[in-house]
Amino acid sequence: MNEKTVWETYTEEEKEKVFDFCEEYRTFLSKCKTERECVEEILKDVEAHGYRSLKSIRKEGKSLKAGDKVYVSIMGKTLALFHIGRKSMEEGMNILGAHIDSPRLDLKQNPLYEDGGQAMLETHYYGGIKKYQWVAMPLALHGVVAKKDDSVVKITLGEDALDPVVGISDLLPHLGKKQMEKKGSEVIEGEDLNILIGSIPLAGEEKEPVKKQILQLLKDKYNIEETDFISAELEAVPAGPARNYGLDESMLIGYGQDDRVCAYPSYKAMLELTDTEYTCVCLLVDKEEIGSVGATGMHSRFFENAVAEIMDAAGDYSELKVRRALQNSRMLSSDVSAAYDPNYPSVMERKNSAFFGKGLTFNKFTGSRGKSGSNDANAEYIARIRKVLDENNAAFQTAELGRVDEGGGGTIAYILANYGMEVIDCGVAVQNMHAPYEVTSKADVYEAFKGYQAFLKNMGGRKLI
């Protein structure tokens, strides 16, 4: 509706706040390239702000009360933060829900082989990617190797300036005539996303000497054997830090902004809470990029179980109360939207597109084409959100994910809506979504932080039961 960007409304002091907040976010984005790393880093921050694990509170035999800050985590990949409010949780919660997994290349369980005097790692891509974007670029390896003695080895290789990087080769254009005639989805096949990791043979070895040299290096540096790959979770991601983008440094470019660009301001908004009427929650989940499946995905009962545990620790548990708490809640499904791109206007419908510098983006519905697979938020809920954001001077816009027949996408919104709670998608607009490097506007990141704060502090409920 508004043709102006928020940049045109900021004072110099406000601009400084934007850049300061986004510099901290840039550091976070550079450090946290896996869901495990996100949880680990966020826990350090929230614990420094008074959050305690539910497990430790239970162990001490304490009861939760208004003002308490507590977290529940599962498998080091999914995290729920709770700031207990004055009202009973039965009256509903204000929930921010984002995901912290991102498209990437996972190593197979038997990944290491040698061919042509080169040691290689086989991968299986994770999430919706354009495979051709992942070749001929420096990659880093992040993850863990779990050993039979119950020890877990953390690996981060390729991020330090002195670290080596790895990568996937591409065919030279001189020999690429047939390759260039293929469809974009077939230019690089999934089974060709093999990572080159070494070429020096181990002295004295005749059979697979380069592979054995790599195994020796892994043994010396990490004390892991080839069979330990079976119980490893290792991810290949773009190497290097997130960077300021544009001559005016108004944007950020980096890996994994879908959806860490929403996860970061979501949990930071929780840290700004003091006294709150309703219990506020920040839910940071795994596996969204592959359908929210598994024990750490939103389709699991992790969140429902966590709510039950929290209510029990507050002395206010019953199965019926848990059901009411979930149904009476309000949620922003904090996930990214597609930013208008002047290079590709044909897939966008301009009046219903998200633009850089215009604040948070609300998607009343997602899904594809005829809203298939969508959560479609009700009008009354949107009206109440508009009121809260306007009263707190948080800029927002509305959008759809491209033209009606072009495609679409999904989020975790419809899963939480299954409880009967009010849910709408609300996040930051992104260019290059699902590419190795994604681009966002710093103004939108900061307005997301402001908007999420306003929602947590001021959103009231409609009690159904």
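Does at least one position in the stretch 107-115 carry a residue that is of a type in the set (D, E), within 30 Å of L360 (Cβ to Cβ), surrounded by 12 or more Cβ atoms within 10 Å (Cβ to Cβ) and touching a residue at least 60 places away in the same chain (Cβ under 8 Å)? The answer is no; no qualifying residue exists. Answer yes or no: is there a residue in the stretch 353-371 that is over 25 Å from H434 (Cα atoms) and under 23 Å from the mean Cα position of the chain (by Cα). So far as the stretch 353-371 goes, no, none of its residues is over 25 Å from H434 (Cα atoms) and under 23 Å from the mean Cα position of the chain (by Cα).
Filtering the stretch 397-413 to residues that are under 13 Å from G370 (Cα atoms) and open to solvent by 70 Å² or more (accessible area, probe 1.4 Å) leaves R403, V404, D405, E406.
Could you tell me how many of the residues in the stretch 336-362 are open to solvent by less than 10 Å² (accessible area, probe 1.4 Å) and either in contact with a Cys (Cβ under 9 Å, 6 or more places away or on another chain) or not in a loop (DSSP other than H, G, I, E, B) (or both)? Number of matching residues: 5. Sub-6 Å Cβ pairs linking a first residue in the stretch 134-153 that is on the phi > 0 side of the Ramachandran plot and free of Cβ contacts under 8 Å to residues at least 12 places away in the same chain to a second residue that is hydroxyl-bearing (S, T, Y) and not in a strand (DSSP E or B), at least 6 apart or interchain, number zero.
Table: residues versus (1) within 30 Å of L107 (Cβ to Cβ); (2) touching a strand residue (DSSP E or B) at 6+ places or on another chain (Cβ under 6 Å).
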position: D20; (1), (2): no, no
position: E40; (1), (2): yes, no
position: D45; (1), (2): yes, no
position: H49; (1), (2): no, no
position: L81; (1), (2): no, yes
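Within the stretch 402-418, residues that are on the phi > 0 side of the Ramachandran plot have Cβ atoms under 8 Å from residues that are open to solvent by 90 Å² or more (accessible area, probe 1.4 Å) in these pairs: G407/R369; G408/R369, counting only partners at least 6 apart in sequence or on another chain. Applying the criterion of being open to solvent by 30 Å² or more (accessible area, probe 1.4 Å) and of a type in the set (S, T, Y) to the residues of the stretch 116-159, the residue that is farthest from the chain's Cα centre (by Cα) is S151. Does D275 satisfy the condition of being open to solvent by 10 Å² or more (accessible area, probe 1.4 Å), over 11 Å from T440 (Cβ atoms) and part of a loop (DSSP other than H, G, I, E, B)? It is true that D275 is open to solvent by 10 Å² or more (accessible area, probe 1.4 Å), over 11 Å from T440 (Cβ atoms) and part of a loop (DSSP other than H, G, I, E, B).
Is it the case that some residue within the stretch 171-180 is of a type outside the set (S, T, Y), open to solvent by 70 Å² or more (accessible area, probe 1.4 Å) and within 30 Å of K31 (Cβ to Cβ)? Before the answer, list the steps.
Just the residues of the stretch 171-180 that are of a type outside the set (S, T, Y), to begin with: 171-180.
From the residues that got through so far, the ones that are open to solvent by 70 Å² or more (accessible area, probe 1.4 Å) too are 171-175, 177-178, 180.
Still in the list and also within 30 Å of K31 (Cβ to Cβ): none.
Among the residues of the stretch 171-180, not one is of a type outside the set (S, T, Y), open to solvent by 70 Å² or more (accessible area, probe 1.4 Å) and within 30 Å of K31 (Cβ to Cβ), which makes the answer no.
A count restricted to the stretch 74-89 and to residues that are in contact (Cβ under 8 Å) with a residue 60 or more places away in the chain and in contact with a helix residue (DSSP H, G or I) (Cβ under 7 Å, 6 or more places away or on another chain) stands at 9.
Restricting the search to the stretch 191-208, which residues are open to solvent by 20 Å² or more (accessible area, probe 1.4 Å), at negative phi and of a type outside the set (S, T, N, Q)? Step through it out loud before you land on a result.
So the first thing to find is which residues in the stretch 191-208 are open to solvent by 20 Å² or more (accessible area, probe 1.4 Å), and the list is 191-192, 194, 196-197, 199-208.
Filter again for at negative phi, leaving 191-192, 194, 196-197, 199-203, 205-207.
Of everything in the stretch 191-208, those that are open to solvent by 20 Å² or more (accessible area, probe 1.4 Å), at negative phi and of a type outside the set (S, T, N, Q) turn out to be E191, D192, L196, I197, I200, P201, L202, A203, E205, E206, K207.
Would you say V285 is of a type in the set (V, I, T), under 11 Å from D101 (Cβ atoms), at pLDDT 95 or above and open to solvent by less than 10 Å² (accessible area, probe 1.4 Å)? Give the steps one after another, and end with the answer.
Numbers: of a type in the set (V, I, T): yes; under 11 Å from D101 (Cβ atoms): yes; at pLDDT 95 or above: yes; open to solvent by less than 10 Å² (accessible area, probe 1.4 Å): yes.
In short, yes.
Candidates A394, A379: the one that is small (G, A, S), in contact with a Phe, Trp or Tyr (Cβ under 9 Å, 6 or more places away or on another chain) and surrounded by fewer than 23 Cβ atoms within 10 Å (Cβ to Cβ) is A394.
Within the group M137, M75, which residue is out of contact with any Lys or Arg (no Cβ under 7 Å at 6 or more places or on another chain) and more than 30 Å from V210 (Cβ to Cβ)?
Details: M137 fails: more than 30 Å from V210 (Cβ to Cβ).
Answer to the check: M75.
Here A395 clears all of (1) in contact (Cβ under 8 Å) with a residue 60 or more places away in the chain; (2) over 16 Å from C262 (Cβ atoms) except the condition numbered (2).
The values are calculated or read from the model by the stated rules, or taken from the named source; none is laboratory data. Predicted model only: the values in this text are computed from it and were never measured. Note that we place each Cβ from the backbone using ideal geometry, even for glycine, and neighbour counts take in every protein chain shown. Surface accessibility is based on the protein's heavy atoms, side chains included, excluding ligands, DNA and RNA. Shrake-Rupley method; radii C 1.70, N 1.55, O 1.52, S 1.80 Å.
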